[in-house]
Amino acid sequence: MAGGSEIDWRQAMSSLKGRALRLYWIVQKEYDGLDIDGIMERGKFKRRSDIDPHLATLRRLRLVSRGEDGKYFVPPEIKERLNFAIRSFIYFRGRLIPRALIGAIAFTAFFAAYLAIIVPRGPAWTPSLALGLGLCAVNWVWAISNWLRRPFK
């Protein structure tokens, strides 16, 4: 990356929250870059004053650059590094949710429905109950560990 010192990734990742994260997410999806009007349209912002402070934060952290044509874009090396950090997360209502959390919730719900529909009785069901509970526990441990290691806190 030309000009300046190395990016402080810890500070950059901890600063990406709320609207700043939303702006980064909008800008990084466009290869050609976006001007202010495009950002406002895609992000459903009503005023430019809603965008400016967060865009200034992203530019200060050098996560977003501005081209000569006035369009904002995410440099390829930044996009590659940050997308690697957030690929196991889903952007939902301004927050990053681990995909493993959704899987753990779904598996637990399906296992609970299975137990509600087919009521296990007797020693023959013990292995299936143990397997189901064990898999639920593994899914939840994985989801919690992903949540604790999330890049943006």
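Derivation of every value follows stated rules applied to the coordinates shown; laboratory data play no part. Quick caveat, the model's predicted, so the values are computed rather than measured. Positions of Cβ are backbone-derived with ideal geometry, glycine not excepted, and every protein chain shown enters the neighbour counts.
Annotations
- Gyration tensor over the Cα atoms of the chain: the corresponding equivalent ellipsoid has semi-axes (square roots of 5 times the eigenvalues, largest first) of 43, 17, 11 Å.
- Sparse packing (at most 10 other Cβ atoms within 10 Å of the Cβ) combined with a DSSP loop state is found for the following GluC sites (Glu not before Pro) in the stretch 45-153: 68.
- Pairs of Cα atoms farther than 18 Å apart, the stretch 1-81, %: 35 percent
- Protection proxy ranking, highest mean first, for peptides 134-140, 53-59: 53-59, 134-140, where packing is the per-residue count of other beta-carbon atoms within 10 Å, averaged.
- Assigned charges on the beta-carbon of Lys, Arg, Asp, Glu; the chain dipole about Cα centre (debye): 540 debye
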